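Comments concern the structure below.
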Amino acid sequence: MTHGTRPEEAVFDRLATAALARYPASRRAELTFIRHGENATFRVDDSERSFALRLARPGYHTAAAIRSEIAWMDALHAAGINTPRPVRGRNGEVVQDIAIEGRGHIAVAFEWVDGVPLPEATATDPWIQLGRIMARIHDHGRQWSPPAGFERPAWDAQALVGARPRWGTPCPAGAWSDTDRRLLLAARDAVRHRLSRFGTSADRFGLLHADLGFENVLVTNDGTAVVIDFDDCGPSWYLYEFASVLYPLENDNRFRDYFAALVAGYRGSAELTDDVLAELPTFLMCRRLATLGWMFSRPETQHAQQQRTGRLRTSPAAAARFLDWHAANPAEPAAGSMRDR
């Protein structure tokens, strides 16, 4: 049985029902539509367990890339990092191929985690925890030997702010006034320049989660921070990880406190020098541009619709502030590193 009120549910209802048949759930299992962002997510409640059912956006990742995502999550869990375990289908596979009306889809499932999104938590301790978790994830990515066939797309300069970004252009035709478009394109050029100067040495660039904002860090009832949804994991700058966490709160009056807690947690497990951290504004602007592209290229999603008004209102001013900071802080390769202690 499927229930809910959001209009997207009707679109995915048949697919979710077909996918659920692949998993060890009873006929009494209930499907509840959760959200439609990059993927469509449902909650499955059965008599003995609850799990999240994720229906992949067609064409976004290959089955091999999704298997690679889960392989890294399994390795992180084995290393003691709190991530949800995958739920295997009745055939024993973690990735299920579903065909509806002649079109193929990919489904995966994970243990359900009860908690509130990190930005809704009022205490700073979960942010300190997340900083520690980030440091451990980055360390694991540097030391881990991936299995044969491992493939995850990189979030490099081309993917984030290139001519054809992976999530789409932040400046589609007709979206901005001429003045605002020039500001955003100038900010993009400055980000490209600074990323090139910052470099991709092993102490600055490696395997990471890449999307720790919004609802991908949950705080459980006992105050534990749990990282979920590694759908965008891949090689990128470690500071981009910080930006993915902090960007949604960039204009929040709690930003400084949460930023300090996140950095303190990270520095409890790994080195993060001030001169490296000083480049964070570049990555915050980079994240803004990338997520603007996502918003414009996924207009049918509820998430993009909720973001649109605020993003259109704040982005030109943010670009202007970034360009002022860029002019006052010439881009030079940072001398510090983020090596483990």
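The values are calculated or read from the model by the stated rules, or taken from the named source; none is laboratory data. Here the structure is a predicted model, which means the values were calculated and not measured. Backbone-built Cβ (ideal geometry, glycine too); neighbour counts: all protein chains shown. The area values use the complete protein model at the heavy-atom level, side chains included, leaving out ligands, DNA and RNA. Shrake-Rupley method; radii C 1.70, N 1.55, O 1.52, S 1.80 Å.
Quote to one decimal, in nm, the extra length available between ARG256 and ALA331 on full extension: 0.36 nm per residue of separation minus the C-alpha distance between them.
Details: separation 75, 0.36 × 75 = 27.00 nm, distance 2.36 nm.
Stretched fully, the ARG256-ALA331 segment lengthens by 24.6 nm.
Taking only Cα atoms and a 10 Å spring cutoff, compute GNM fluctuations for the chain and point out the largest among ALA327, ALA75, ALA107.
It is ALA327.
Carbon and sulfur: what percent of segment 72-226's accessible surface (1.4 Å probe)? Present the calculation step by step, with values, prior to reporting the outcome.
Working: 3400 of 7210 Å².
Of all accessible area on segment 72-226, carbon and sulfur atoms account for 47 percent.
Once the Cβ-Cβ distance between ALA175 and SER26 is put in as r, and R0 is 35 Å, what FRET efficiency do you end up with, to the nearest 0.05?
Details: r = 48 Å, r/R0 = 1.36.
Plugging the Cβ-Cβ distance into 1/(1 + (r/R0)^6) gives 0.15.
Using a 10 angstrom cutoff on alpha carbons, build the Gaussian network for the chain and name the most mobile of ASP139, ASP274, ASP211.
The residue with the greatest mean-square fluctuation here is ASP274.
Taking only protein heavy atoms into account and a 1.4 Å probe, give the accessible area per residue of segment 1-150 in Å². Could the numbers behind the result be given before it?
On the way: 7290 Å² over 150 residues.
For segment 1-150, the per-residue accessible area is 49 Å².
Please sort 64-73, 22-31 by packing, taking for each peptide the average over its residues of neighbouring beta carbons within 10 angstrom, highest first. Provide the component values of the computation, followed by the final result.
Values: 64-73: 19.8, 22-31: 15.2.
With the highest mean Cβ count within 10 Å placed first, the list reads 64-73, 22-31.
Residue separation times 0.36 nm, minus the C-alpha to C-alpha distance between ALA264 and HIS77: what's the value?
Taking ALA264 through HIS77 to full extension adds about 65.0 nm, to one decimal.
Determine, from the Cβ-Cβ distance of THR220 and GLN143 and an R0 of 25 Å, the FRET efficiency 1/(1 + (r/R0)^6), rounded to the nearest 0.05. Before the final figure, lay out the partial values.
Working: r = 28 Å, r/R0 = 1.11.
Working from the Cβ atoms, E equals 0.35.
Using only DSSP helix segments of four residues or longer, with each worth -39500 (n - 2.57), what per-residue ellipticity at 222 nm results for the chain after dividing by its residue count and rounding to 500?
Working: 10 runs with 145 residues, N = 341.
Roughly -14000 deg cm²/dmol at 222 nm, from the helical runs in the chain.
Test of understanding: extend the Cα→C-beta vector of HIS303 to 7 Å, then name every residue of segment 222-244 with backbone N under 17 Å from that spot.
Only 227-234, 241-244 pass the distance filter.
If I build a Gaussian network model for the chain, linking alpha-carbon pairs within less than 10 angstrom, which residue out of PRO299, PRO330, PRO316 has the largest mean-square fluctuation?
In the Gaussian network model the winner is PRO330.
Using only the alpha carbons, work out the radius of gyration and Dmax of the chain in angstrom.
That works out to 20.1, 63 Å for Rg and Dmax.
So for segment 96-231, averaging the separation of alpha carbon pairs under 8 Å that are six or more residues apart and normalising by length, what relative contact order in percent results? Let's see the in-between values first.
Details: 98 pairs, mean separation 51.3, N = 136.
After rounding, I find 38 percent.
Could you compute the net charge surrounding ALA64? Neighbours are other residues with a C-beta less than 15 Å from the C-beta of ALA64; K and R count +1, D and E count -1. Could you put the intermediate results ahead of the total?
Working: positive: ARG67, ARG152; negative: GLU69, GLU93, ASP97, GLU151, ASP231.
Value of the local net charge: -3.
Can you compute the FRET efficiency between PHE150 and ASP324 using 1/(1 + (r/R0)^6), with r the Cβ-Cβ distance and R0 = 41 Å? Round to the nearest 0.05.
Numbers: r = 42 Å, r/R0 = 1.02.
In this case the efficiency is close to 0.45.
Express the accessible area of segment 193-236 per residue in Å², computed with a 1.4 Å probe while the remaining protein chains stay in the model.
On the way: 1420 Å² over 44 residues.
Result: 32 Å² per residue.
When each pair of different Cα atoms in segment 103-206 is counted once in the 1/r mean, what is the Kirkwood radius in angstroms, to one decimal?
On the way: mean 1/r = 0.0550 Å⁻¹.
Evaluated on segment 103-206, it is 18.2 Å.
Where does each of 239-246, 161-168 land if you order them by average Cβ count within 10 Å, highest first? Mind showing how you got there, number by number?
On the way: 239-246: 24.4, 161-168: 15.5.
In decreasing order of mean packing, 239-246, 161-168 become 239-246, 161-168.
Send over the semi-axes of segment 42-87's equivalent ellipsoid, whole angstrom and largest first, taken as the square roots of 5 times the C-alpha gyration tensor eigenvalues. Please report the intermediate quantities before stating the final value.
Working: eigenvalues 80, 70, 9 Å².
Over the Cα atoms of segment 42-87, the ellipsoid semi-axes are 20, 19, 7 Å.
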